[in-house]
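A.B. asks: Below: one structure in C-alpha cells.
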Amino acid sequence: KKLKPQTKTQTTENRIWLSDSPLVIKKDTKEKSVAMMKIDDESIVRFYNSLMKYALALPEKVKKNQVLAPSPILSIIHKIIEQGGVDELYGYSVQRLDDEGLPSQSIAVTLGSLKIGQGLEYNMEQLLRLGIAGFYENAGMYLIPDSILEKKGRLTQDEMKVIKEHPRLSAKIVLRMG
C-alpha cells in the first residue's frame, strides 16, 4: 500500500513577535506531513552549520549582555520544519554533540524539542516558540564562571548552587527578547 503525503492548510496569518522583528507565517500555505518527507544530506549540513553559526556567537553576546535577535534563528527553524528536516537534522546533531560543547547541545535540544512538538501535533507557531526556547535554554550557562564549567572532578556544593542558577539566568535572557 503506497502512502500519500498528508497535507493540511493553514487558513490564518499568524505573526510571532519577538524583539522588534515579526516572523510571518503565510496565509493559506500547504504543509506536507513531516513524517512523509525526506531532506537531502546537503541541506542537513547547511541547516546545521547555519544554526551552529548563531550558537557559537551566543556566548559572547550573553557575556556582553547584548539583546539577542531571534529572527534569524526562527527563520532557520521555520525552514527546517517546512522542509521536513527535523528528524534527520536531529540525528545529525546528536552525532556531533562533542564538536562544540554547549553550542552543539543547544542545537540538539532545539531539534529534540521540535521532534516532541511535532509528535504532540503542535502548529507552526507553537513549534517555533518551542524551538527558540530550546535554542536558548542553556544561555545562562555562559554566565557561569569558566572556573566552574571547566573544572575537572567533582563540584563543591557551592559550585553546584551556581550551576543550578543557569535556568533562571536563561529565562531572564529569553525574557529580554520580548
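The values are calculated or read from the model by the stated rules, or taken from the named source; none is laboratory data. Keep in mind the model is a prediction, meaning the values are calculated, not measured. Here Cβ is always computed from backbone atoms with ideal geometry, including for glycine, and neighbour counts include all displayed protein chains. Heavy atoms of the whole protein, side chains included, go into the accessibility calculation; ligands, DNA and RNA do not. Shrake-Rupley method; radii C 1.70, N 1.55, O 1.52, S 1.80 Å.
A.B. asks: Applying a 10 Å radius around every beta-carbon, put 153-162, 91-100 in order of their mean neighbour count, most first. Walk me through the numbers on the way to the answer.
C.D. replies: On the way: 153-162: 10.2, 91-100: 13.8.
Highest mean packing first, the order is 91-100, 153-162.
A.B. asks: List the aspartates and glutamates whose Cα lies under 14 Å from the Cα of LYS63, skipping any in the same chain that are fewer than 8 positions away.
C.D. replies: Candidates past the 8-residue exclusion: ASP146.
A.B. asks: Let me ask you something else. Is there a quick way to get the dipole size of the range 31-178? I mean about its Cα centre, with the Cβ of Lys and Arg at +1 and of Asp and Glu at -1; what is the value in debye to the nearest 20?
C.D. replies: Details: 19 positive and 19 negative charges, 120 e Å.
Approximately 580 debye in magnitude.
A.B. asks: What list of ³J(HN,Hα) values in whole Hz, one per residue of the range 115-129 in order, does the Karplus curve 6.51 cos²θ - 1.76 cosθ + 1.60 (θ = phi - 60°) give from phi, with Gly and Pro shown as x?
C.D. replies: With coefficients 6.51, -1.76 and 1.60, one gets 4, 5, x, 5, x, 8, 6, 5, 7, 4, 4, 5, 5, 5, 5 Hz.
A.B. asks: Considering only protein heavy atoms, what per residue accessible area in square angstrom results for the range 32-178 with a 1.4 angstrom probe?
C.D. replies: Working: 8050 Å² over 147 residues.
Value for the range 32-178: 55 Å² per residue.
A.B. asks: Pairs to check: LYS79/LYS172; LYS61/LYS164; LYS79/LYS151; LYS64/LYS152. Give those whose C-alpha atoms are more than 31 Å from each other in this structure.
C.D. replies: On the way: LYS79/LYS172 27 Å; LYS61/LYS164 21 Å; LYS79/LYS151 38 Å; LYS64/LYS152 26 Å.
With Cα atoms farther than 31 Å apart: LYS79/LYS151.
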